[in-house]
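Some notes on the structure that comes next.
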Amino acid sequence: MGHAEVNWSDEVPQRRGAFVKVLNPRPGQEVRGIVCCNTIRGVLTHYRMRRTIPCTLPRNECVGCQDRLSQRWKGYLPILVPSTGQVALAELTPEAIRGCPIARDGKQPIAGMILVCRRAGPSPNSRQVLTLDPTLVPLPAVRYQDVDQLLLRMWAGESHAEVME
Ligand SMILES: [Zn+2]
């Protein structure tokens, strides 16, 4: 210990990345929040080792494609969840978006609308049902690239992701 050097470190350690909740309703539960962005960010994913990972390009280098896993499209939309005061990402299926005229048509800004997503039936695999209430709540929109950053950090393992499924 006598001549050991102290490991000074003036730089204050950063907190681990932002906590991102990915919300996907369980049967009998609702995902509910105020939409923070006008665009649903779509991405092709694979389900590998019990987690969702992005399909990456070039495809011959994508781990999921190499394992011959099927591609699943997911839509991500940031919502402000009033019960927690935090922004989380609603994870939406193609069926949910096709079944919701406002989301499907994409003709009107959706930031500020109330999103409700639930399961149609009692099974965890029941299809998602999405509704958007067009009564707008005033809210500063989260910039579109922020959604990408949240997703990229989550996939890189730099932030915690709590998946409610
Ligand atoms: Zn792939």
Among the residues in segment 34-41, are any in contact with a Ser or Thr (Cβ under 7 Å, 6 or more places away or on another chain) and among the basic types (Lys, Arg)?
no
Return the residue satisfying two criteria in turn: it lies in segment 144-161 and is at pLDDT 80 or above and aliphatic (A, V, I, L, M), and of such residues it is surrounded by the fewest Cβ atoms within 10 Å (Cβ to Cβ).
Ala156
Anything in segment 104-117 that is basic (Lys, Arg) and crowded, with 20+ Cβ neighbours inside 10 Å? List them, or say none.
none
Reported set for segment 85-122 where residues are farther than 18 Å from Arg72 by Cβ, assigned to a loop (DSSP other than H, G, I, E, B) and of a type outside the set (A, V, I, L, M, F, W, C) is Gly85, Gly106, Lys107, Gln108, Pro109, Gly112, Gly121, Pro122
Are any residues in segment 84-103 at pLDDT below 95 and either over 15 Å from the mean Cα position of the chain (by Cα) or surrounded by fewer than 20 Cβ atoms within 10 Å (Cβ to Cβ) (or both), and if so, which ones?
Thr84, Gly85, Gln86
Cβ contacts < 8 Å: first residue within 19 Å of Ala111 (Cα to Cα), restricted to segment 64-84; second residue in a helix (DSSP H, G or I) and within 16 Å of the ligand (Cβ to nearest atom), any location; separation 6+ or different chain. Result?
Tyr76/Leu151
Which one is surrounded by the fewest Cβ atoms within 10 Å (Cβ to Cβ) among residues in segment 30-59 that are within 9 Å of the ligand (Cβ to nearest atom) and under 17 Å from Ala96 (Cβ atoms)?
Leu44
Could you check, for segment 60-77, whether at least one of its residues is of a type outside the set (Val, Ile, Thr), more than 16 Å from the ligand (Cβ to nearest atom) and part of a loop (DSSP other than H, G, I, E, B)?
no
Which condition breaks for Pro78 when tested against (1) exposed (fewer than 14 other Cβ atoms within 10 Å of the Cβ); (2) within 19 Å of the chain's Cα centre (by Cα)?
(1)
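The values are calculated or read from the model by the stated rules, or taken from the named source; none is laboratory data. Source: prediction; values computed, not measured. With ideal geometry, Cβ positions are generated from the backbone for all residues, glycine too; neighbour counts draw on all protein chains shown.
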